[in-house]
Amino acid sequence: MMQFDVAIVGAGAVGNMTAYLLAKKGYKVVVLERKESIGKKVCAGLVSGRVIKMADSETVMNEIKGALINFPDGRKVAIGGNKTYAYVIDRKKFDQYLAEKAMSEGVEYKLRFRVKNIYENKINGSVRFRWLIGADGARSIVAEKFSFGKVNYVNAIQGEGKRGDDDFVEIYFGNEFAPGFFAWIVPDGNKLRIGLGSKEGGIRKKFNTFVSMLDIEVKNIRGAVIPIGLRKFAKKNVALVGDAAGQVKATSGGGLYAGLLASKILAENFDDLTRYEKEYMKEFGNELKKCLILRKIFYHATDKLYNYFGKIIEKDIGLLNEYGDIDYQSVIAKQFIRRHPLLAISMLFKCLCYI
């Protein structure tokens, strides 16, 4: 029987960062990963400078200067272009880099380890722990085992295509291929990461429809799910971080900053897991809640409503350029309401009509 202070289920970026920070504090940590290698998560890899700073990683592949937003009626709205707004990372190397940092602090990794049962502080009858952390993704086994609550999901799919280098992300809205969410093209400097999310099933058919619009050959296609909603974060000696906790922006599906921040706050409050939840909600929880509110518009939006949004955005590009922030996306909504209160009321009315 192997004895550890902390067992972490999941060797993604957030699990690895949590392992590293807790090992630095002197805990004996093991990370359990069901896959045969580290770094196989489906991810667009678009992150802010905050993520790069938190992880101190050298895995940046491309700097993004702006975005081209495409609406169903053919309208194209370009934002940014004058500075770096985001970075594209090599997600596999990013996860592996954090795992190596954890290993340098003595963290033990067990790959091809599928959690089958957790009973009396033992996993599969072979790993004993004092504390257990679920960093095992949207469909967390730890969350299910300890009844941390349910979340909803967006189906997602992503592949790779070839095209020239670019420093603009492309976003596409349209219910034909991405109902309730959106599609994306993220250039990483070598290739394009092409994907979409959908509130409905039939994700591969929708992806084929989208790709046919682009006339780009796409390979290495993989599916995933994005959690929508927050679970409880902690109970007694068990805690959740990252996608497992629902620490994901419901507007975009991005979760690296939210998850890495959770790792930091958890490590700082590891002597009291209930305080971890309180401190996290105080620092970033309200942002996630606001994104959930904004998400409801995405969920019900018709193409007609998307086109209406496009007309509004086109009228005030300066607002997006000044306040756009991929980590704190509610800021732009707040500033829009302040600057255009009557227009905001009109938008709300149209949302109610279209919904």
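The numbers here are math on the coordinates, done by the rules we state, and not lab data. All of these numbers come straight from a predicted model, not from anything done at the bench. Virtual Cβ from ideal backbone geometry, glycine too; neighbours counted across all protein chains shown.
The angle between the Cα long axis of helix 303-315 and the longest principal axis of the Cα atoms of the chain comes to about 80 degrees, rounded to the nearest 10. Compared with the dominant Cα axis of the chain, that is its longest principal axis, helix 91-104 is turned about 20°. Charge tally for Gln3 (other residues, Cβ to Cβ under 15 Å; Lys, Arg +1; Asp, Glu -1): +2. State which entries of Lys236/Lys289; Lys162/Lys219; Lys205/Lys296; Lys53/Lys101; Lys25/Lys101; Lys40/Lys199 exceed 21 angstrom in Cα-Cα distance in the structure shown. Pairs exceeding 21 Å: Lys236/Lys289; Lys205/Lys296; Lys40/Lys199. A cut-off under 12 angstrom between Cβ atoms defines the neighbours of Ile216, and their net charge, with Lys, Arg +1 and Asp, Glu -1, is +1. The sum of -39500 (n - 2.57) across all DSSP H runs of n ≥ 4, divided by the residue count of the chain, sets its helix-only mean residue ellipticity at 222 nm to -11000 deg cm²/dmol. Of all DSSP beta bridges confined to the chain, the antiparallel ones make up roughly 65%. Other residues within the sphere of radius under 13 Å centred on the Cβ of Tyr276, judged by their own Cβ, net out at +1 (K and R +1, D and E -1).
Charges were assigned to the Cβ only: +1 to each Lys and Arg, -1 to each Asp and Glu. The resulting dipole of the chain about its Cα centre is roughly 1020 debye.
Taking 26 Å as the cut-off for C-alpha to C-alpha distance, list the pairs among Lys150/Lys290; Lys116/Lys249; Lys92/Lys122 that go past it. Distance filter (> 26 Å) returns Lys116/Lys249; Lys92/Lys122. Compared with the dominant Cα axis of the chain, that is its longest principal axis, helix 341-354 is turned about 80°. Peptide packing for 109-115, 234-240 was compared via the average number of neighbouring C-beta atoms within 10 Å per residue; ordered from the highest value, the list is 234-240, 109-115. Listed peptides 128-135, 186-193, 244-251, 143-150 appear in the order 244-251, 128-135, 186-193, 143-150 once ranked by packing, highest mean of other Cβ atoms within 10 Å at the front.
Annotation for region 117-183 versus region 281-333: alpha-carbon center distance of 22 Å.
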